[in-house]
1. Please go through segment 91-122 and pick out each residue that is over 13 Å from R42 (Cα atoms), among the polar types (S, T, N, Q) and not in a helix (DSSP H, G or I).
2. Keeping to segment 79-126, report how many residues are touching a Ser or Thr at 6+ places or on another chain (Cβ under 9 Å), of a type in the set (S, T, N, Q) and more than 11 Å from R59 (Cα to Cα).
3. Here are the criteria: (1) modelled with pLDDT of 85 or more; (2) surrounded by fewer than 15 Cβ atoms within 10 Å (Cβ to Cβ). Tell me which single one D93 does not satisfy.
4. Can you tell me which residue among T64, T105, T55 is surrounded by 14 or more Cβ atoms within 10 Å (Cβ to Cβ) and among the hydroxyl-bearing types (S, T, Y)?
5. Among the residues of segment 49-66, what is the count of those that are among the hydroxyl-bearing types (S, T, Y) and not in a loop (DSSP other than H, G, I, E, B)?
6. Can you tell me which residue within segment 67-90, out of those that are surrounded by 12 or more Cβ atoms within 10 Å (Cβ to Cβ), polar (S, T, N, Q) and part of a loop (DSSP other than H, G, I, E, B), is modelled with the highest pLDDT?
Amino acid sequence: MQFAAAPHKRRKPSLTPMIDVVFLLLVFFMLASQFGLDQVIRLPLAGSSTAREYTGPPRLVTVTENGLSLNGVALELGALSTEIGVLTESPKDTIILRGQGAASTQNIIDVLAHLQAAGFETVVLVD
């Protein structure tokens with residue numbers, strides 16, 4: 001006579017090691033990732049010893065939510081450096097940048113970056 005072996009109860013797998021591994025991966029990727037790149041924006045301080053006296057024709061760039069204007073004349077961003085080049089004698093001449101109305105900070109930063117990429121060194125940001 002043959003007896004059947006007693007049935008074994010199946011053990012449920014432990015989730016603790018898997019949770020530990022997932023947590024370690026999470027910590028690793030949080031420490032190893034770079035969430036954003038910092039960008040430095042150079043703006044001269046009014047009244048500093050490096051500030052230059054304003055000379056020449058007016059160069060007021062106004063940024064609005066719909067676009068920008070140079071001395072009250074609406075322009076596209078691509079034409080801005082050309083039009084300011086006509087009004088300046090050197091890239092160190094002062095350009096005044098003003099945000100108006102509901103202009104976003106990103107719009108102002110884009111115009112500032114465009115001016116600095118075009119070689120203009122002295123951009124003053126005003127209210």
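The values are calculated or read from the model by the stated rules, or taken from the named source; none is laboratory data. Small disclaimer: the values here were computed from a predicted structure and weren't measured. No Cβ is skipped: glycine too gets one built from the backbone with ideal geometry, and neighbour counts run over all protein chains shown.
1. Across segment 91-122, the qualifying residues are T94, Q100, S104.
2. Number of matching residues: 3.
3. (2)
4. T64
5. Going through segment 49-66 one residue at a time, the tally reaches 1.
6. N71
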